[in-house]
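Participant: Submitted below is the structure of interest, expressed as structure tokens.
The values are calculated or read from the model by the stated rules, or taken from the named source; none is laboratory data. Just so you know, these numbers come straight off a predicted model, no measurement behind them. Note that we place each Cβ from the backbone using ideal geometry, even for glycine, and neighbour counts take in every protein chain shown. For the accessible areas, the whole protein counts, side chains as well, though only heavy atoms, and no ligand, DNA or RNA atoms are used. Shrake-Rupley method; radii C 1.70, N 1.55, O 1.52, S 1.80 Å.
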Amino acid sequence: QAGEAVPAAQKSSWTSFLKSLAGFTGDLSSMTAPPFILSPTSLTEFPAYWCERPELFAMIADGKTEEDRALAVLRWFISTLKGQYTSRNESMGSEKKPLNPVLGELFYGYWPESKERGGKTTLVVEQVSHHPPITAYRIANDAKGVVLTGHNAQKTSFSGGSIIVKQVGHAVLTVALPSGEKEEYLITLPRLRIDGLWYGSPYIELAETSFIQSSTGWLSTIEYKGKGYFSGKSHSFKATVTPANVSQSTHVIEGTWHTTSKDNRTNAQFHDVTTPKEEVTVTSIDEQGEWESRRLWHGVAKGIREGDFDSAAKDKSRIENEQRQRRRDETAAGTKWELKHFEHIDSCPVYERLGKMFSANPPTEDAYVYLNNGPDA
Ligand code: HCR
């Protein structure tokens, strides 16, 4: 039934929200949505999903051959999808609308060292643009020599009752090999469809194709399908892994990204995310700086969690007004906001070089270069 999951008092504002989505393109994060769909978490926390299985991230460096490492990168990537795209349904009952980060917002965290993963893995996130929202991040296990850098923005549109989200941006993973050489992987991002809006119970399905291109030539092509395709199951994927200049794939991996998959050639299990994951460790709010996400949004998040939406809205307006004032002051003084941990470049050299190998579209993309000055530097 329509609006089944929507609290009675918010049904009409949910209907207005859905109506305003029709014909909408652009930045969904700035749209006002009814309280029941609000999440107390800022989008700056999302890059942590890349590393909730830190041992898989670290293990990339242990691959003995180019093929082993290409498969290890694919295994780690597929294993992040459950957290990235289904974890709000698990923790909050449905997909929710995250807090829209302010320019300069920061999120720091780490996964402690352990025997399996060798070293501490650190996370630095910065909101590098507000309009449109762009989040830059860097995750590093220095002891293993595995580093991921990337940025993410979204372009949204509405079609057939679903929100379609094109992810803009890419990630680059580098592995420092014992030989002193460096291997690079260009990672493109899947398209999302947000379904279940009619019922007030949104969830994500992944669509189309994403790629992982290695500087060694190995290419993983990942196709995403929902119910009724491949296996008939939600969250299905099929990945083919091909060496350089060979069109026939060496590995075909099929399964559902939120559970398990198999390598068709060997019939061996490829990934398994039915086991517990490890959330990022973050210092307590009292110890955080004023730009750090959980401290910055503390009042709003508390209001949302406790159902006190008036106080959440008041604190949100305070933050937004402060931001507007800051921008006005900068214009008056003829100054510009300075990024803290990243520097913007118009064209990413890794994207250009590796993108050519699989005819990436677009052929060039901008990037944010990490300045090596995070809290653990
Ligand atoms: C689309 C989305 C904001 C962006 C989120 C991204 C794409 C961010 C980068 C992460 O690596 C992966 C990721 C996962 C999320 O699924 C995706 C969010 C889902 C909803 C949210 C919209 C802006 C809010 C839509 C409001 C709906 C729920 C009514």
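Participant: Which is the longest stretch in the chain that no exposed loop site breaks, taking sites as trypsin sites (Lys or Arg not before Pro) with a DSSP loop state and at most 15 other Cβ atoms within 10 Å?
Facilitator: So the longest stretch without any such site is 116-226.
Participant: Right, here's the next one. Could you compute the net charge surrounding TRP257? Neighbours are other residues with a C-beta less than 12 Å from the C-beta of TRP257; K and R count +1, D and E count -1.
Facilitator: Summing Lys and Arg as +1 and Asp and Glu as -1 gives +1.
Participant: What's the longest uninterrupted piece of the chain once you rule out the GluC sites (Glu not before Pro) that are loop residues per DSSP with at most 11 other Cβ within 10 Å?
Facilitator: Between exposed loop sites, the widest span is 5-115.
Participant: Shifting gears a bit: Could you tell me the relative contact order of the chain? Use alpha-carbon pairs under 8 Å, at least six residues apart, and round to a whole percent.
Facilitator: After rounding, I find 15 percent.
Participant: Note down the net charge around ARG88, summing +1 for each Lys or Arg and -1 for each Asp or Glu among other residues with Cβ under 15 Å from its Cβ.
Facilitator: -2
Participant: Helix 11-21 against the longest principal axis of the chain: what's the angle in degrees, Cα atoms only, rounded to the nearest 10?
Facilitator: Taking Cα atoms only, the helix is inclined about 60 degrees.
Participant: So how much slack lies between SER231 and ALA332, counting 0.36 nm per residue of separation and subtracting their Cα-Cα distance, in nm?
Facilitator: The SER231-ALA332 span can extend by a further 30.5 nm.
Participant: Relative contact order of the stretch 22-169: what whole-number percent is it, with Cα pairs under 8 angstrom and at least 6 residues apart?
Facilitator: Contact order relative to length: 26 percent.
Participant: For the pairs LYS19/LYS314; LYS144/LYS302; LYS97/LYS262, flag any whose C-alpha to C-alpha distance is greater than 28 Å.
Facilitator: LYS144/LYS302; LYS97/LYS262
Participant: In the neighborhood of LYS302, defined by Cβ-to-Cβ distances under 11 Å, what is the net charge if each Lys or Arg adds +1 and each Asp or Glu adds -1?
Facilitator: Local net charge: -1.
Participant: If you find the alpha carbon centre of the stretch 330-377 and of the stretch 238-269, how far apart are they in angstrom?
Facilitator: 32
Participant: Okay, moving on. Need one value: the accessible area of SER317 in square angstrom, 1.4 angstrom probe, rounded to the nearest 10.
Facilitator: Counting only protein heavy atoms, the figure is 50 Å².
Participant: Something else: I'd like the orientation of helix 309-333 relative to the chain: the angle between its Cα long axis and the longest Cα principal axis, in ° from 0 to 90, rounded to 10.
Facilitator: 80
Participant: Please give the contour-minus-distance gain from ASP308 to THR260: 0.36 nm per residue of separation, less the Cα-Cα distance, rounded to one decimal in nm.
Facilitator: Value of the extension gain: 13.3 nm.
Participant: Right, something else. Report the accessible area of LEU177, computed with a 1.4 Å probe over the heavy atoms of all protein chains in place, in Å² rounded to the nearest 10.
Facilitator: Using a 1.4 Å probe on the heavy atoms, I get roughly 30 Å².
Participant: Another one. Given the C-alpha centroids of the stretch 1-67 and the stretch 130-153, what is the distance between them in whole angstrom?
Facilitator: Using only Cα atoms to place each centre, the spacing works out to 18 Å.
Participant: So how strong a dipole does the chain carry about its Cα centre when Lys and Arg Cβ are +1 and Asp and Glu Cβ are -1, to the nearest 20 debye?
Facilitator: 940
Participant: Not counting ligands, DNA or RNA, and with a 1.4 Å probe, what is TYR370's accessible surface area in Å² rounded to the nearest 10?
Facilitator: Per-residue accessible area (TYR370): approximately 30 Å².
Participant: Let me ask something else. On the protein heavy atoms, probe 1.4 angstrom, tell me the percent of accessible surface of the chain carried by carbon and sulfur.
Facilitator: After summing per-atom areas, the C and S share lands at 50 percent.
Participant: Please list PHE230, PHE17, PHE46 in order of solvent-accessible area, largest first, computed with a 1.4 Å probe with all protein chains present.
Facilitator: I get PHE230, PHE46, PHE17, largest accessible area first.
Participant: Helix 66-92 against the longest principal axis of the chain: what's the angle in degrees, Cα atoms only, rounded to the nearest 10?
Facilitator: Result, in degrees: 20.
Participant: Still on this structure, please answer the following. Any idea of the accessible area per residue across the chain, 1.4 Å probe, to the nearest Å²?
Facilitator: Per-residue accessible area for the chain comes out at 47 Å².
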